[in-house]
Each structure stands twice: as structure tokens, then as C-alpha cells.
1. Test residue 88 against the stated conditions and say whether it is more than 21 Å from residue 130 (Cα to Cα) and either surrounded by fewer than 20 Cβ atoms within 10 Å (Cβ to Cβ) or modelled with pLDDT of 95 or more (or both).
2. On the given criteria, is residue 218 under 21 Å from residue 327 (Cβ atoms), touching a residue at least 60 places away in the same chain (Cβ under 8 Å), touching a helix residue (DSSP H, G or I) at 6+ places or on another chain (Cβ under 9 Å) and buried (at least 16 other Cβ atoms within 10 Å of the Cβ)?
3. Going through 266, 324 one at a time, which residue ends up being assigned by TED's automatic domain parsing to the domain that holds residue 176 and within 25 Å of residue 74 (Cβ to Cβ)?
4. Of the numbered conditions (1) surrounded by fewer than 22 Cβ atoms within 10 Å (Cβ to Cβ); (2) over 14 Å from residue 152 (Cβ atoms); (3) more than 18 Å from the chain's Cα centre (by Cα), residue 139 fails exactly one; give the number of that condition.
5. Check 281, 287 and return the single one that is surrounded by 16 or more Cβ atoms within 10 Å (Cβ to Cβ), in contact with a helix residue (DSSP H, G or I) (Cβ under 8 Å, 6 or more places away or on another chain), part of a loop (DSSP other than H, G, I, E, B) and at pLDDT 95 or above.
6. Out of 59, 110, which single residue is on the phi < 0 side of the Ramachandran plot, surrounded by fewer than 20 Cβ atoms within 10 Å (Cβ to Cβ) and touching a strand residue (DSSP E or B) at 6+ places or on another chain (Cβ under 9 Å)?
7. Pairs only if they're at least six apart or on different chains, beta carbon under 7 angstrom, first in the range 265-292 and without any contact (Cβ under 8 Å) to a residue 60 or more places away in the chain, second in a loop (DSSP other than H, G, I, E, B) and surrounded by fewer than 21 Cβ atoms within 10 Å (Cβ to Cβ); list them, first residue then second.
8. So, of the residues in the range 233-262 that are over 18 Å from residue 314 (Cβ atoms) and without any contact (Cβ under 8 Å) to a residue 40 or more places away in the chain, which turns out to be surrounded by the most Cβ atoms within 10 Å (Cβ to Cβ)?
């Protein structure tokens, strides 16, 4: 098949493009740069997907059987209208339009099924709002014009090639026998999906007839507490670990940033929990999750090969301040 991957040069996209090429598909990627650094056989289309005219020019007179839409512009946001413009530019001959949404599309809450309501149009978080509104738009097009859409709602994605400072954040500290800061009581829930499982499901979504018009939760069936996540990361690396619990309010008051630097629990890992129920993805697509411990061990092996130069040298200045505050608090209470 002729397949277009919008945003095929980063974490999910790179693995998706490789699997598609290995399966013999004719693959093109569309992104904002003149080169993609992928296999030579992969066609490069340069366009800003947030610019409807740019996308139309890049896709003019080209026809694809399947389109994977993986891109979200974290600086400017990517709206439902911008995704709709991309759908129109792809024409009416596609057999699948596969959109990468997020568990965040639910807005909040635990144990969501695919049929649950998504976040409202006036949700205060732009990312949540844009993902939910885009899904509603795509499924309206499915109902009214038979757009063959499939959407995926992954939670935290982990695995080899992760460009975000998440798994590596903890392993950097464990290798140096540094304490791990746990915000609050460490009971905040987290749910994960292995990147290779996600890519496998995405490919199955273009092959399975019954996937047309469906949304899929995908990931591990069991959510873990933050403390359990650290324990799992330590087990994968066969490293001892020490937890230091610090009230979340104290971390934020000192300047901690849950979305970036100064990070205190990985990047974007300390956010209010949203979890989902799995089952549909196995029932329709036949994809079952890789055990978390198995996926982490493979990720650990990748980390050992790529840790130098992949991420900046860790700066422990902020954590040292937090740990100092914790020691002072413990001394005063003692």
C-alpha cells in the first residue's frame, strides 16, 4: 500500500515507518524539514501540518491508501480545524485515516471505556481540548461522509527510542545511587503502553476491516502508583533505590516543574491521573500488551547503548535543594 506518515521522524513515527517498510509498503513522511534521516526508499514531503496551504501543496496530485496522523505541535497546538484541512488534502480515496489521540482526551477520571464522553470544547488545557475536539470532528466525518477513521488513546508511551527524559531520568539517578524524589505519598496512578505494542496496533488498524470507525484505548491493563513505577524501573536495571517522599506542594513552591525543567519526577510524569480500561484493542485488533517488566528490560538495554549524547548531562541542583529541605524537615521533627 501507499502510506503517508505525518510526523514520521520521532519516537512513534520512526518505529512505525520501519515496520511499514519491512512489511513492503510504499512509505512517505510529511514533516517540516527537507530531510528525514530515514531509509532512502522513504519519500520526504516537506510541509507544516498546521498550515493548510502548505499541506495542500505537498499532497497535491498525490494519492495514498492509508494516512497516519501522529503530529501535535506542542508550541502552537494543533486544532481540529487544522486536522480537518489535512483530511481534505488527502482526498476521498483513502482506506484508513489513523489519528494519534491520547488518554488526555478524556479530560480527567479513572477507568474510562472508549464509549465514555471526551473532554468538553471549553476545557482549559489546550492539548486536552484539541485532542477531544479533533476526535469529535473525525467521527462526525465518519458518520456523515464515511471517513474511514481510527483513533488511538495511549497513556504514557515508553520504550526504546523515547526522546523524552522519562525512563532515563530515573536510571541516571539509580546508576549514581542517588535518592529518588517521590511527590506526596507516591500513590498517584500512572498507566503505560509499550511503543512497539502501539505501533503493532496501528499497523493492524489498517489491515482489520472492523477497525473502521473505532477508537481504541491501548496499554497495560493495570495502572501503577508512582512508587510502583520506580520499583519496576529499578528491577529492570537490577539497581537498588531509595525513595524520599516530599510533599508535592513543597516541590512546586520551591520551583519544581511537572512539565519540564527543573524536573523532579521525570518530564510530565507527575500529573493528575487519567486511566482507561483495555480489552477492545485485543478483541478487534488482536494486540495484547507486552508485560511491563519485559518492555522495561528492553528499554534498559537501549538506554545503556544510547545514554551518552542522547540526553543532556543531568543537573541535580534542584533535587539537592529538595533533598536538603527534606533533611532539614526530618531533623526538626526529630
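The values are calculated or read from the model by the stated rules, or taken from the named source; none is laboratory data. All values reported here derive from a predicted model rather than from experimental measurement. Positions of Cβ are backbone-derived with ideal geometry, glycine not excepted, and every protein chain shown enters the neighbour counts.
1. Numbers: more than 21 Å from residue 130 (Cα to Cα): no; either surrounded by fewer than 20 Cβ atoms within 10 Å (Cβ to Cβ) or modelled with pLDDT of 95 or more (or both): yes.
So residue 88 does not fit the description; no.
2. Values: under 21 Å from residue 327 (Cβ atoms): no; touching a residue at least 60 places away in the same chain (Cβ under 8 Å): yes; touching a helix residue (DSSP H, G or I) at 6+ places or on another chain (Cβ under 9 Å): yes; buried (at least 16 other Cβ atoms within 10 Å of the Cβ): yes.
So residue 218 fails the test.
3. Among 266, 324, only 266 is assigned by TED's automatic domain parsing to the domain that holds residue 176 and within 25 Å of residue 74 (Cβ to Cβ).
4. So residue 139 meets the others, but not (2).
5. Answer to the selection: 287.
6. Working: 59 fails: surrounded by fewer than 20 Cβ atoms within 10 Å (Cβ to Cβ).
The match here is 110.
7. 271/258; 282/288
8. Among them, the one singled out is 252.
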